[in-house]
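Just below is one structure, and these are the notes that go with it.
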Amino acid sequence: MSALNTRVSLLALACAFSSYSVMAEDSSLTNPNISAVLDGYYQTGDRPLAEREEGFGLGETELALSANIDDNFYGKITTVIESADGETELNLEEAFIQTLALPSGLSARAGRFLSDIGYLNNQHKHTDSFTERPAAYRAFLGNHYYDDGIRLSYVAPTDLYWTMGVEAFSGDSLRAADEHGDRDFDDVGVFTALTKIGGDIGVESSWQLGLSYLRNENGLAYAEEHEDEEEEVADEHEHSHSASYTGENTYIADFVYKWAPNGNYKYQNLTLSGEYFRVTDIFGEEPGHIDDGLDDHEISDDDYHEGWYLSSVYQFSPSCIRRCALWRSGYL
Amino acid sequence: MRINSKLLLAVAVMPLLFTATAKAELNVFACEAEYASLAKTLAPSADIYSATTAMQDPHQVQARPSLIAKMRQADLVVCAGADLEIGWLPMLQMKASNPKVKSTDEGLFFAADQVETLDKLASVERSMGDVHAKGNPHLHLDPERMLTIAQALSAKMIELDPQNSSEYQQSLADFSQRWQAKIPQWQEQAKGLAGKKVIAYHSSFRYLFNWAGIEQVADLEPKPGLAPTSSHLASLLTRAEQGDVMAVIVASYQDERGAKWLGERANLPVLMLPMSVGGNDQSKDLFSLYDSLFALLNGVK
C-alpha cells in the first residue's frame, strides 16, 4: 500500500533542454507559430510511476503548430515523441480548435486538449521547473490529463480575476482497471467543473487559487476485483499514460504565489505552488451484484486516496534555477 | 455526491446572471507605461490600466490573473507591437475571451503599425538572440514618431467611441500643440549630444539615440536578450579603452551590475535612464520623461 511513500533520493539533471519557436502576433494558416522542444536528461535512481528512467534518456520531444484559423477560431496541434522501454511512441497530445469571438467572456474548445483542472495540468511538461510531475499527478491523472472532449469557459468582468469552466471528456485514460475486459464503460466518462480566482498584491506579487471537481463515471473499481487490482498496480512498471489510481470523485485545490522584485521577472523571481488531491468512492459493487452476506470484505464509503505537493522555485539570471520541492502522496 | 455537482453548477452559472454594468468611459489596457500615459493625455476621462511599469522588462511579463481580468473588461488595448509582447499578449487575449480587443480592425492598437520601425530584418534566426523581424519595438523615445502615434491612437479612440469624438479631438490638439512646442527645446538639448558615443544595454534607447545623433558603439548584451558575460564585458573594456566613449547606459528595468563593472574599470560614468513614465522620480508623464532623459544625458561630464 505504500508504494508511493518511499522517499527516493534522486539527482536529476534536465540538461540540454532546448526549445525553438517561431512566433508572430498575427499568426495565420499560411504563417503558423511553430515550436519544437528537445529534452535530454541524466538521472540517478528511479521514481515510482515515473516516465523517466535511470541514466541518460530523452524526455518528450515536442512539436507544436498553432495559428489563428480566421478571426473567430484558433487551432493548435501538438505531437509528442517519446521513447520508453526501447520503443518510440508518437502521441497526438493536442488537436483542438478554440473560439475567439464568443461574446460575454465565453469561450469554447473542442477536440483533444489538456484539461484545465488543477494548476499544473494545463501546462506543457517542458515548461515545468521539475523533471517529473508530482506524484499526485503521476498517480491520479497519468502525469497530465489530456483527452478528447469539449470545454466551455467563462471569465467574469471583474477586477478580481474569476474564471469558471466545465468540461466533458471520453475519459479512456482514467478508467478503472478492468481485468476481465468485460466491463461496460460509459463513452463520455469524465466531467469536470472548475473555478479559479486570482489577483495582485501590490506591484511585486500575484496569486491564484483554484478548485476543481472531476467526476469519473468509470472510476469505480468493482469490489470483486479489489484485491487483484491492487496487486497489479503495485507491480506496474511499464510505461503508461493512464491513471494508476482511480475513483468516482476527484477534488483538487491548488494555489500559486509568484513574486519578483519590482514585478520584473527578467532577473529574479520566486514561485510557490501547491495542490491537494482527494479521490473518493474508489470501490463499488458491480451493478446486479447480490449481497449474499458471504463477502468477507466490506465496502466502505470512507475509502479514499489523497496526495499533495508543495514546490518553490527561485529563478535568477543568468538562467539558473534553484528549486526545492516537497512531494508527498499518502494513502496509496 | 450528486449534491456536490449541482452546487458546483450553481456556482458556475451564478456570475452569468450579473451582466456587466454599462460603462460610459472607454476602458483602456496599455501594455507599457508610456502608452498608458499617452492614452491618459488623449482621453483624460478614460479608465486606464498599465500592464507593466518602467521597472519591468516588457519582453518578459507573466500573463498573470490580474492582467486577464483587466483585458476581459477592456474596450481598447494599446501596445508597442512589432512582437515586443509576443511572449504574453496572445496568451492574455485568448484567456481574456474579449472579442473587442482581438484584432487591430477593432480595439487592438499597435504603435509600431503607425510608424516606420528601425532595424527591420529580412530574416531572423534563433542564433541571433532575441531579435524582432519587424524592427526595434522601443519606439516611444522618438518625439516625431510619438506624435504620429498619438494622432493614430486618437483616431482609434474616436472610431471606438464616436460619441465623445470632440473630447478626443480637443485633447489631441492640446497634446500636439504642447508637444510641438517642446520639440525645438529637446533639439536644442540634443545638440551637445550629437556624435557622442555610448555603450548601452540592449537596443532599448535606439530611437532616442537615433533622434539625438548619439552613437551606440557596443552593447552590454553579447546578443539581444542574453545577459552580459564576463568575456563579453572584457571585450567591451578593450573597446572603452579607445577613450571615445561618453558613458555606459542602462534602462530602469535592466541589471546594473555589468555596467558598473565596466564603468569602474574603464572609468566611465554609468547612467540609469528611465525607460518609461515612472522610471525615475522626475518622469511623471511623457513630457517630463523626455526632459529627464535629456537632463541626465547632458549631465554627464
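Convex hull over the alpha-carbon atoms of region B:135-249: what's its volume per residue in Å³?
Each residue corresponds to 105 Å³ of Cα convex hull volume.
Over region B:73-225, what percent of the accessible surface lies on carbon and sulfur atoms, probe 1.4 Å?
Carbon and sulfur: 49 percent of the exposed surface of region B:73-225.
Please return the longest range in chain B lying between exposed loop sites, taking GluC sites (Glu not before Pro), DSSP loop only, at most 16 other beta-carbon atoms within 10 Å, and leaving the sites out.
By the stated rule (loop sites, at most 16 other Cβ atoms within 10 Å), B:126-240.
Going by a 1.4 Å probe on protein heavy atoms, which residues of region A:202-217 end up with at least 20 Å² less accessible surface in the whole assembly than in their chain alone?
Flagged in region A:202-217: A:203, A:206, A:213, A:215.
Bins of 10 Å, beginning at zero and ending with the bin holding the largest distance: percent of Cα pairs per bin for region A:66-111, please.
With a bin width of 10 Å, the distribution comes to 25, 36, 21, 13, 4.
As a test of the definition: with a 1.4 Å probe, what buried accessible area, both sides summed, do you compute for A against B, in Å² to the nearest 100?
Answer for the A-B pair: about 4100 Å² buried.
What angle, in degrees between 0 and 90 and rounded to the nearest 10, separates the Cα long axis of helix B:230-240 from the longest principal axis of the Cα atoms of chain B?
Orientation of helix B:230-240: about 50 degrees from the principal axis.
Leaving out ligands, DNA and RNA but keeping every protein chain, what accessible area does residue B:55 have, in Å² rounded to the nearest 10, with a 1.4 Å probe?
60
Compare A:246, A:30, B:41 by solvent-accessible area with a 1.4 Å probe and give them largest first, with all protein chains kept in place.
Details: A:246 15, A:30 135, B:41 40 Å².
Of A:246, A:30, B:41, the descending order of accessible area is A:30, B:41, A:246.
Tell me the angle of helix B:257-266 to the major Cα principal axis of chain B, expressed in degrees between 0 and 90 and rounded to the nearest ten.
10
What nm value, rounded to one decimal, do you get for the distance between residue B:181 and residue B:260 when each label is placed 7 Å out toward the C-beta?
4.2
Would you give the gap between the C-alpha center of region B:131-176 and the C-alpha center of region B:85-104, rounded to a whole Å?
20
Can you give the convex hull volume per residue for the Cα atoms of region B:87-166, as a whole number of Å³? All intermediate terms of the calculation are to be shown ahead of the outcome.
Details: hull volume 9.6 nm³, N = 80.
In region B:87-166, the Cα hull volume divided by residue count equals 120 Å³.
Taking every alpha carbon pair in region A:95-150, what does the distance histogram look like in 5 angstrom bins from 0, in percent?
Cα pair-distance distribution for region A:95-150, in percent: 4, 17, 24, 21, 15, 10, 6, 2.
Counting only heavy atoms of protein chains, what accessible area per residue, in Å², does chain B have with a probe of 1.4 Å?
I get 43 Å² per residue for chain B.
What full-extension length gain, to one decimal in nm, is calculated for residue A:179 and residue A:127 as 0.36 nm per residue of separation minus the Cα-Cα distance?
Extra length available between residue A:179 and residue A:127 comes to 15.1 nm.
Give me the orientation-averaged projected area of the Cα convex hull of region B:73-118, in nm², one decimal.
Average of the hull's projected areas for region B:73-118 equals 3.2 nm².
Over chain B, what portion of Cα pair distances is larger than 36 Å, expressed as a whole percent? Don't jump to the answer; show the numbers that get you there.
Working: 10767 of 45150 pairs.
Tail fraction, whole percent: 24.
In terms of solvent-accessible area of protein heavy atoms at a 1.4 angstrom probe, what is the ranking of A:163, B:229, A:88, highest value first?
Values: A:163 15, B:229 60, A:88 105 Å².
Highest to lowest solvent-accessible surface, that is A:88, B:229, A:163.
The values are calculated or read from the model by the stated rules, or taken from the named source; none is laboratory data. Predicted model only: the values in this text are computed from it and were never measured. Because the Cβ atoms are built from the backbone with ideal geometry, glycine has one as well, and the counts that use them run over all protein chains shown. Surface areas here come from the heavy atoms of the whole protein model, side chains and all, with no ligands, DNA or RNA. Shrake-Rupley method; radii C 1.70, N 1.55, O 1.52, S 1.80 Å.
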